[in-house]
């Protein structure tokens with residue numbers, strides 16, 4: 001079956017459909033990872049987006065039952081150069097097209113993903129539509145131009161928990177505000193003995209303190225941080241009351257709560273090989289990233305310092321309060337893009353909890 005992907009600038013790509021059928025709109029973004037497509041497809045931070053994989057062969061090791069980051073997929077569409085329909089891996093439980101069909105995600109293969117990526121790099125992320133139904137490009141381009149922008153959509157409530165639940169542990173209690181948390185964040189805390197209480201994103205500061213937690217974790221999640229002002233206000237009330245660790249969207253929310261500002265990147269950082277420098281030690285880490293917004297370094301108050309920077313574009317990758325046990329990173333220390341050395345940030349958090 002033929003599928004079309006169109007961008008709001010009028011670009012049209014014709015390919016072969018796989019997975020689900022239908023029509024979806026979303027912000028079209030690209031990810032440079034050579035592996036990890038299952039984690040990408042189940043990362044709630046991709047809610048509202050059509051994901052383009054720059055690596056040409058996707059699906060060669062199939063889908064397994066262990067590597068999910070969420071119970072379902074929230075991506076709006078999946079774009080690849082070549083879809084492998086004969087995966088080979090000892091853990092494989094299904095093909096990628098079978099998984100996409102179950103999750104209602106439309107896939108398109110056989111297009112020039114290199115050309116598409118160049119367009120997105122030159123012009124920035126754009127609204128797009130992927131369809132197996134409407135085959136008139138002009139109609140789809142008009143619909144793409146009329147589609148809502150990512151900012152302003154209520155994406156976090158779509159992916160976050162609505163009920164409080166607890167992952168038992170013998171160690172300190174950590175309150176985790178779920179903006180769309182990847183499961184490995186919870187695992188990394190739990191593996192260190194923490195009892196993790198997972199909370200809806202709109203949980204009030206007073207309700208968090210009533211749990212008597214040793215610390216507060218702010219998770220990753222989709223969209224623009226200005227679309228969760230309630231979370232920013234909650235964190236403001238907790239800055240001087242608990243050790244706080246923020247990741248990705250949680251980092252941006254913390255930046256806003258500390259008095260900073262955020263802005264939209266041209267095409268974002270999405271991949272598994274982004275170099276990040278720790279300014280305190282000079283050490284460079286190869287990191288996994290997925291975000292389209294960043295904290296403005298020049299907007300931060302004097303009692304907050306930039307702790308990490310991205311060596312590709314010098315954007316902020318980490319924050320640290322100079323006097324309080326509060327810090328955050330823009331990248332994903334719980335992810336393992338090969339090296340696992342960024343997990344030390346969880347050990348830092350454990351030290352703060354023990355104090």
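The values are calculated or read from the model by the stated rules, or taken from the named source; none is laboratory data. Since the structure is predicted, the reported quantities are computational estimates derived from the model, not experimental observations. Neighbour counts run over all protein chains shown; Cβ positions are idealised from the backbone, glycine included.
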- Task: With respect to residue 331, determine if the residue is in contact with a helix residue (DSSP H, G or I) (Cβ under 9 Å, 6 or more places away or on another chain), under 29 Å from residue 37 (Cβ atoms), modelled with pLDDT of 95 or more and part of a loop (DSSP other than H, G, I, E, B).
- Result: yes
- Among (1) surrounded by fewer than 17 Cβ atoms within 10 Å (Cβ to Cβ); (2) in a loop (DSSP other than H, G, I, E, B); (3) touching a helix residue (DSSP H, G or I) at 6+ places or on another chain (Cβ under 6 Å) - the single one residue 259 does not satisfy: (3)
- Task: State which residue is nearest to the chain's Cα centre (by Cα) when the search covers only segment 188-210 and only residues that are over 16 Å from residue 352 (Cβ atoms) and surrounded by fewer than 16 Cβ atoms within 10 Å (Cβ to Cβ).
- Result: 202
- Checked 267, 293 against criteria (over 29 Å from residue 241 (Cβ atoms), at pLDDT 95 or above and part of a strand (DSSP E or B)); the one match is 267
- Output for segment 158-183, where each listed residue is surrounded by fewer than 21 Cβ atoms within 10 Å (Cβ to Cβ) and closer than 16 Å to residue 68 by Cβ: 161, 167, 183
- Task: Scan 92, 75 and give me the residue that is modelled with pLDDT of 95 or more, in contact with a strand residue (DSSP E or B) (Cβ under 9 Å, 6 or more places away or on another chain), assigned to a loop (DSSP other than H, G, I, E, B) and crowded, with 23+ Cβ neighbours inside 10 Å.
- Result: 75
- Message: Residues that are in contact (Cβ under 8 Å) with a residue 12 or more places away in the chain and in the same structural domain as residue 266 (by TED's automatic domain parsing), at least 3 per element: which strands (runs of 3 or more DSSP E) completely within segment 111-193 meet that?
- Response: 165-167, 173-177
- Taking segment 322-353 only, how many residues are surrounded by fewer than 20 Cβ atoms within 10 Å (Cβ to Cβ), touching a residue at least 24 places away in the same chain (Cβ under 8 Å), farther than 17 Å from residue 214 by Cα and in contact with a strand residue (DSSP E or B) (Cβ under 8 Å, 6 or more places away or on another chain)? 4
- Is one or more of the residues making up segment 275-288 out of contact with any helix residue (DSSP H, G or I) (no Cβ under 6 Å at 6 or more places or on another chain), crowded, with 22+ Cβ neighbours inside 10 Å, in the same structural domain as residue 235 (by TED's automatic domain parsing) and more than 17 Å from residue 182 (Cα to Cα)? yes
- Query: Could you say whether any residue in segment 57-65 is in contact (Cβ under 8 Å) with a residue 12 or more places away in the chain and within 24 Å of residue 224 (Cβ to Cβ)?
  - Reply: no
